[in-house]
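Structure first, commentary second.
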Amino acid sequence: MNTASTLDTLIPAEGFSLVHRIRSATQLPPAGQATPALFLLHGVGANEAGLAELARRQDPRLAVFLLRAPLTFGPGQFGWFQVQFGPQGPVIRADQAEASRQTLLRFIDEAVAAHGLAPQRLWMAGFSQGGILSASVGLTRPDKVAGFGVLSGRILPEITPQIAPREALKQTQAFVSHGTHDSKLTIEWAHKARALLEAHGVSLSYHEYPGVDHALTHEMAADFDTWLSAALDRPAA
């Protein structure tokens, strides 16, 4: 894979399922080995450029892909599915969430083929709605990603019937981080995610941040960086 950073270059969806940007790995893998990668997903109403700083700070061994969600909600505003927040919590367009999950699975295959990535050394993570889709991919297709990160997000109850068997998830690694004062997705969602992941035997790194609202803070990003670098150091399953 080209070692030049290309985060300033927007790569159109020509031959790919999603518009994206790439921060190429700056530390090449050992001879004969393919490049590991991280796919980063933004939240609803944002775009891929908002996670550029998180991409830049990642382990130099990783190629980092910033993916733009397929639904347009306004100028420079995109999302993975429509959602409304009411007294009973968030209500989503489950069909759109499923379509986005399928699109991400296609993009993973496209990126592996186009860039010579290591199929067993791929991670997906995101903020808010991006974290939701990362969990949806990781829990339903552990053959596609080694692990996933949910940064101020949740796990959709709608994917429960599609979650892979416990045996298939035993090598999956998950990172969950959440502010205790999150006013958009309350801390109870993180507690539910922790319980579900533990029940399915997923290796979990769980973090709460006192007083933090719905945000991706420097401390949260630093903890995620540490988790992912440690995951990189582990031998592939």
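Selection of segment 156-185 for residues being closer than 16 Å to residue 207 by Cβ and not small (Gly, Ala, Ser) yields 173, 175, 176, 178, 180, 181, 182, 185.
The criterion of at least 1 residues that are among the small types (Gly, Ala, Ser) and free of Cβ contacts under 8 Å to residues at least 12 places away in the same chain is met, among strands (runs of 3 or more DSSP E) falling completely within segment 26-93, by 83-86, 89-92.
If you go through segment 205-220 and keep only what is crowded, with 18+ Cβ neighbours inside 10 Å and closer than 16 Å to residue 180 by Cα, you end up with 209, 212, 216, 220. Among the candidates 114, 118, the residue that is surrounded by fewer than 20 Cβ atoms within 10 Å (Cβ to Cβ), of a type in the set (Gly, Ala, Ser) and not in a strand (DSSP E or B) is uniquely 114.
Please go through segment 76-110 and pick out each residue that is of a type in the set (A, V, I, L, M, F, W, C) and out of contact with any Phe, Trp or Tyr (no Cβ under 6 Å at 6 or more places or on another chain). The answer is 78, 80, 81, 83, 85, 91, 94, 99, 104, 105, 107, 108.
Checked against (1) closer than 18 Å to residue 147 by Cα; (2) at pLDDT 95 or above; (3) surrounded by fewer than 16 Cβ atoms within 10 Å (Cβ to Cβ), residue 99 passes all but a single condition, namely (1). Exactly one residue out of 178, 200 is in contact with a Leu (Cβ under 8 Å, 6 or more places away or on another chain), more than 25 Å from residue 83 (Cα to Cα) and in contact (Cβ under 8 Å) with a residue 12 or more places away in the chain: that is 200.
The values are calculated or read from the model by the stated rules, or taken from the named source; none is laboratory data. Computed from a prediction, not measured in an experiment: that's the story for all the values here. Virtual Cβ from ideal backbone geometry, glycine too; neighbours counted across all protein chains shown.
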